[in-house]
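S.K.: Mind having a look at this structure? Questions to follow.
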Amino acid sequence: MTNTSVGNTVRLFGAGLRALLVLTLVCGVIYPLAVTGVAQALFHDRANGSEIKDGSGSVVGSSLIGQTYNLPKQDPDDAEEAPRPDLKWFQPRPSNGLGSNSVNTQYSLILSGATNRSGDNKELIAWVTEAKKAVVAANSTASYEVRPADVPADAVTSSGSGLDPDISPAYAKLQVHRVAEVNKLDVRNVEELVAAHTTGRLLGFVGEPRVNVLELNTALRGLLRH
């Protein structure tokens, strides 16, 4: 009786071990390799993180995550110093998130999320009012006046995640004259750059037209080098 029990135990242990090895091989090696191979073959760019590269081939970011374009702090040790936008670049949506980012200083978030304030919240209204004034002041030039009514909503509000990489074509066009003036470029050349990096609705009716800010600024950097 004892020998039978020991034999059954050994057989069960052997069967379990073989099952573990087979499942480890199938699920831990073969399946991941197959999925990775298919992804690399059919969706190479997306599988690698939707990376954006500059003219030299260096990765500058992902098309899925927004970045800020700010001037260096006047006092690097002053944690309370407000960021100042670098007006030579197209600016993204505001980023109001849940935390600070000490890893990637190109963006102010490490925890993404919305401000969670209602449309009639006094603090949100104050933010939007001040942001609109700043957008008008920053983008008005000697030959181009921005009116408060011209400022689109995405110029003064953050997205639900706070990491939106895109802006509306209206906000991109509003920035054209300022970018052209600061960089001493022809306005038409900058307008063509925006048009070339404007993506329409998916299938012609899904979503809204959009401009990826990182892609646009990467193209602008290339234009400035020539």
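S.K.: Relative contact order for the chain: what percent, with Cα pairs under 8 Å and sequence separation of 6 or more?
M.R.: Computed value for the chain: 18 percent relative contact order.
S.K.: What FRET efficiency, computed as 1/(1 + (r/R0)^6) with R0 = 30 Å and r the Cβ-Cβ distance, is obtained for residue 133 and residue 64, rounded to the nearest 0.05?
M.R.: The formula returns an efficiency of 0.45 here.
S.K.: Here's a follow-up. Given (1) 0.93; (2) 1.21; (3) 1.02 as candidate values of Rg/Rh (Cα atoms, Kirkwood Rh), which corresponds to the one derived from the coordinates?
M.R.: (2)
S.K.: Cross-chain or 8 or more residues apart, Cα under 18 Å: how many lysine pairs in the chain fit that? Count them up, please.
M.R.: Values: 73/88; 88/173; 88/184; 122/132; 122/133; 132/173; 133/173; 173/184.
Summing the qualifying lysine pairs gives 8.
S.K.: Please report 176, 128, 59, 213 as a ranked list, fewest other C-beta atoms within 10 angstrom at the top and most at the bottom.
M.R.: Neighbour counts put them in this order, fewest first: 59, 128, 176, 213.
S.K.: Among 49, 16, 160, determine the one that fluctuates most according to a GNM of the chain built with springs between C-alpha atoms less than 10 Å apart.
M.R.: 16
S.K.: May I pose another question? What number, rounded to the nearest 500 deg cm²/dmol, is the helix-based mean residue ellipticity at 222 nm of the chain, given -39500 (n - 2.57) per DSSP H run of at least four residues and division by all its residues?
M.R.: Numbers: 7 runs with 96 residues, N = 226.
The per-residue figure over the chain is -13500 deg cm²/dmol.
S.K.: May I ask you to compute the full-extension gain from residue 12 to residue 185, defined as 0.36 nm times their residue separation minus their alpha-carbon distance, rounded to one decimal in nm?
M.R.: Length difference between fully extended and current span is 54.6 nm.
S.K.: Show the residues, 5+ positions off or on another chain, whose built amide H is closer than 5 Å to the amide H of residue 52.
M.R.: For residue 52, whose amide H was placed from the backbone, the distant partners under 5 Å are 60, 61, 62, 63.
S.K.: Return 31, 171, 144, 69 ranked ascending by Cβ neighbour count within 10 Å, so the fewest neighbours appear first.
M.R.: Ranking 31, 171, 144, 69 by Cβ neighbours within 10 Å, fewest first, gives 31, 144, 69, 171.
Here, each number is a calculation from the coordinates, and none is a lab measurement. All values derive from a computational prediction rather than experimental measurement. Counting neighbours? That spans all protein chains shown, and the Cβs are built from the backbone with ideal geometry, glycine included.
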